[in-house]
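Student: Before we start, here is the structure in question, set down as structure tokens.
The values are calculated or read from the model by the stated rules, or taken from the named source; none is laboratory data. Please read all numbers here as calculations on a predicted model, not as lab measurements. Here the Cβ is made from the backbone with ideal geometry for all residues, glycine too, and neighbour counts use every protein chain on show. Ligands, DNA and RNA are stripped out before the accessible areas are found, and what is left, the full protein with its side chains, is counted by its heavy atoms. Shrake-Rupley method; radii C 1.70, N 1.55, O 1.52, S 1.80 Å.
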Amino acid sequence: MSLKDQFGKDVLLTGWGHSKFGKLTDETLESLIVQVSAEAIRNSGFEPRDIDEIYLGQFNSGMQPLGFTSSLALQLSEDLANVPATRTENACASGSAAFQQGVKSVLAGTARNVLVIGAEKMTNAGADVVGAALLGASYEMAGKASTTGFTGLFAEVAKHYEKRYGAGIHGSGLERPGFAGGLGDILGSIAAKNHRNGMDNPYAQMHRDFGEEFCRTVSEKNPMVAEPLRRTDCSPVSDGAAAVVLSRGPASGAATEPVRLAGFGHANDFFPAELRDPTEFAATRVSWRRALGMAGVGIDGLDFAEVHDCFTIAELIMYEAMGLTPSGEGSRAVQEGWVYKDGKLPINVSGGLKAKGHPVGATGVSQHVIAAMQLTGTAGAMQLPNARRGAVQNMGGVGIANYVSVLESI
């Protein structure tokens, strides 16, 4: 079973564009959107007049005064006049929400070519504004003062996880050299891995290999933000944008071969924390199951995955939610080297949100672009050998809005 088997038609990623991520003082939200849209359409081999619909993923939540942004992509060309355009918002999963809406338009037959954009401009807002905006994705903390912001929410997840599983290794699990610090060392290793991977990503906000010792150690340059999460356990505040063109079929002038969407899944969890197990990410598991089920593959059928590591504890639990390890054994994936570039399932070869950056509305679309580059052999220094099928996972809130896509080369 595959998406094509289920719906009788292919959905192809035919072109894509990606901006640099970081503090982009010379860019506006509009300029970023127009830049990546132009690149995606050009690379698809289509023309602006061939675009039937536009979806823009953007969180905003007060980080930008302009809250009505759906038509900004039309600035690219007069040929986009009157094209239907819709802004989607689902917290940090806004980009993947836009992607799946575009997919459904293609599957419904109401559009042949859909431009999907994810964009966010965050760095011009003060830390208090950004913090309050992100806390708007918390049922309990929305509108309340907090010294630790969203980091504090994931720190609570880490505390629950450590209380239940220790370092996430059955038994003491600390007999392996280099992991004497328990969960903190495991999280530090995830951070170090992603920073190392980010060195090969030209779009990444952070190009520095901090190393294991720095990421595991609390110091003046790596302070504790919300125990047990250090600065290196947290993704940065970012500006950036990415775009893809979704099509029923390829154009003759495309820059690369297209990539096929093999399956997708979406699941939302209950919003109040008291209704969720903080260590399970139950709806995330469902989104993985739905996407892999539609694609007709298991986790062992993937060559890589880009997952939502807004905080290192999120990536650790993701190993379990996706089925790479049983619950409580996520650290095995780090200890055994499974998630490294030369491992059996490389995770976040782009550097993830941790090093690439996390302009929240852009993240989900960015992950699809990076995956498409891997599957077409155009990922440059990030390129994995023989990458034929990969997955993208994007999450809004603490496991609340969850999206997974399975992509494959043709």
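Student: Just to be sure before I move on: is residue 119 open to solvent by less than 10 Å² (accessible area, probe 1.4 Å) and outside any strand (DSSP E or B) in the structure I sent?
Tutor: Judged against the criteria, residue 119 is not a match.
Student: A follow-up question, please. What is the one condition in (1) at pLDDT below 95; (2) of a type in the set (Asp, Glu); (3) closer than 22 Å to residue 404 by Cβ that residue 120 does not satisfy?
Tutor: For residue 120, the failing item is (1).
Student: Here is a further query. Tell me which strands (runs of 3 or more DSSP E) are completely within region 223-268 and hold 3 or more residues being closer than 26 Å to residue 187 by Cα, out of contact with any Pro (no Cβ under 7 Å at 6 or more places or on another chain) and modelled with pLDDT of 95 or more, or say none if there are none.
Tutor: 224-226
Student: Restricting attention to region 138-157, which residues are part of a helix (DSSP H, G or I) and either free of Cβ contacts under 8 Å to residues at least 60 places away in the same chain or not aromatic (Phe, Trp, Tyr) (or both)?
Tutor: 149, 151, 152, 153, 155, 156, 157
Student: I've got another one for you. Quick one: residue 134 ticks every box in (1) closer than 26 Å to residue 235 by Cβ; (2) open to solvent by 20 Å² or more (accessible area, probe 1.4 Å); (3) part of a loop (DSSP other than H, G, I, E, B) except a single one, so which number is it?
Tutor: The single condition residue 134 does not satisfy is (3).
Student: Sticking with this structure for a sec: What number of residues within region 16-60 satisfy the criterion of being closer than 17 Å to residue 205 by Cβ and among the basic types (Lys, Arg)?
Tutor: Here the count works out to 2.
Student: If we keep just the residues of region 287-341 that are on the phi < 0 side of the Ramachandran plot, without any contact (Cβ under 8 Å) to a residue 24 or more places away in the chain and not in a helix (DSSP H, G or I), which is least open to solvent (accessible area, probe 1.4 Å)?
Tutor: Filtering region 287-341 for residues that are on the phi < 0 side of the Ramachandran plot, without any contact (Cβ under 8 Å) to a residue 24 or more places away in the chain and not in a helix (DSSP H, G or I), the one least open to solvent (accessible area, probe 1.4 Å) comes out as 325.
Student: I'm checking my understanding of the structure. Among residues of region 203-222 that are in a loop (DSSP other than H, G, I, E, B) and in contact with a strand residue (DSSP E or B) (Cβ under 9 Å, 6 or more places away or on another chain), which one is nearest to residue 122 (Cα to Cα)?
Tutor: 205
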